1. Among the residues in region 20-35, are any modelled with pLDDT under 95, within 25 Å of residue 117 (Cβ to Cβ) and open to solvent by less than 40 Å² (accessible area, probe 1.4 Å)?
2. Just name the residue that is most open to solvent (accessible area, probe 1.4 Å) out of those in region 59-77 that are in a loop (DSSP other than H, G, I, E, B), hydrophobic (A, V, I, L, M, F, W, C) and modelled with pLDDT of 95 or more.
3. Which condition number does residue 80 fail, the rest of (1) closer than 16 Å to residue 16 by Cβ; (2) open to solvent by 50 Å² or more (accessible area, probe 1.4 Å); (3) not hydrophobic (A, V, I, L, M, F, W, C) being met?
4. Search region 67-90 for residues that are under 30 Å from residue 25 (Cα atoms) and pair each with any residue that is open to solvent by 10 Å² or more (accessible area, probe 1.4 Å) and in a loop (DSSP other than H, G, I, E, B) when their beta-carbon atoms are under 6 Å apart and the residues are at least 6 apart or on different chains.
5. I'd like the residue in region 41-56 that is in contact (Cβ under 8 Å) with a residue 12 or more places away in the chain and out of contact with any Ser or Thr (no Cβ under 8 Å at 6 or more places or on another chain) and, out of all such residues, is surrounded by the fewest Cβ atoms within 10 Å (Cβ to Cβ).
Amino acid sequence: VQLQASGGGAVQPGGSLRLSCAASGTIYSINALAWYRQVPGQQRELVAAITVAGLTKYADSVKGRFTLSRVNAQNAVSLQMNRLNPDDTAVYYCAARTYSRSTYDYWGQGTLVTVSS
C-alpha cells in the first residue's frame, strides 16, 4: 500500500484547510484510513480515522471542527479542517490499516499545517 497526501499549508486562526489522501497498490487490503499529526518533540497522535464501513473516530480536540470523509470506498479520504487554531499546527500524516493488522502500518509523507496570525 502506498499513500499520497496532499493539501496543507498556512492559514490564519479561524480558517479552513482540506487534506487529501489517496491510496494505491493493494487497496483491497485496506480496512481503515486515518490522519495523524505530530508536533516536534511530541508523540504522533490520531486526528481522525474512518473504516471502509464508514465508521469514524475523532480526537476530542478536533470534534465538531474536522470532518473525515471517504472520496471512494477504499482508496481515498478527505479531511476538512475548520475553525483552525494554533494548536492544530503540526505535520499531518495519512495512514492505512489493513485487515490483517490492528495497527496503522502504512504511512504517507507528512504535510505541514501551520496556523498562525
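The values are calculated or read from the model by the stated rules, or taken from the named source; none is laboratory data. Keep in mind it's a predicted model, so treat the numbers as computed, not measured. Reconstructed Cβ throughout: ideal geometry from the backbone, glycine too, with neighbour counts over all protein chains shown. Calculation scope for accessible area: heavy atoms of the full protein, side chains included, ligands and nucleic acids excluded. Shrake-Rupley method; radii C 1.70, N 1.55, O 1.52, S 1.80 Å.
1. Scanning region 20-35 turns up no residue that is modelled with pLDDT under 95, within 25 Å of residue 117 (Cβ to Cβ) and open to solvent by less than 40 Å² (accessible area, probe 1.4 Å).
2. Of everything passing the filter in region 59-77, 59 is most open to solvent (accessible area, probe 1.4 Å).
3. (2)
4. Going by the 6 Å Cβ cut-off, the qualifying pairs are 74/52; 90/39.
5. Filtering region 41-56 down to residues in contact (Cβ under 8 Å) with a residue 12 or more places away in the chain leaves 44-52, 54, 56.
Right, trim to out of contact with any Ser or Thr (no Cβ under 8 Å at 6 or more places or on another chain) and you get 44-47, 51-52, 54, 56.
Working: 44: 16, 45: 12, 46: 15, 47: 23, 51: 15, 52: 16, 54: 9, 56: 14.
Here the answer is 54.
Each row is one residue, and each column tells you yes or no for (1) outside any strand (DSSP E or B); (2) among the small types (Gly, Ala, Ser); (3) in contact with a Cys (Cβ under 6 Å, 6 or more places away or on another chain).
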{"position": "4", "(1), (2), (3)": "no, no, no"}
{"position": "13", "(1), (2), (3)": "yes, no, no"}
{"position": "20", "(1), (2), (3)": "no, yes, no"}
{"position": "28", "(1), (2), (3)": "yes, no, no"}
{"position": "34", "(1), (2), (3)": "no, yes, no"}
{"position": "41", "(1), (2), (3)": "yes, yes, no"}
{"position": "46", "(1), (2), (3)": "no, no, no"}
{"position": "50", "(1), (2), (3)": "no, no, no"}
{"position": "57", "(1), (2), (3)": "no, no, no"}
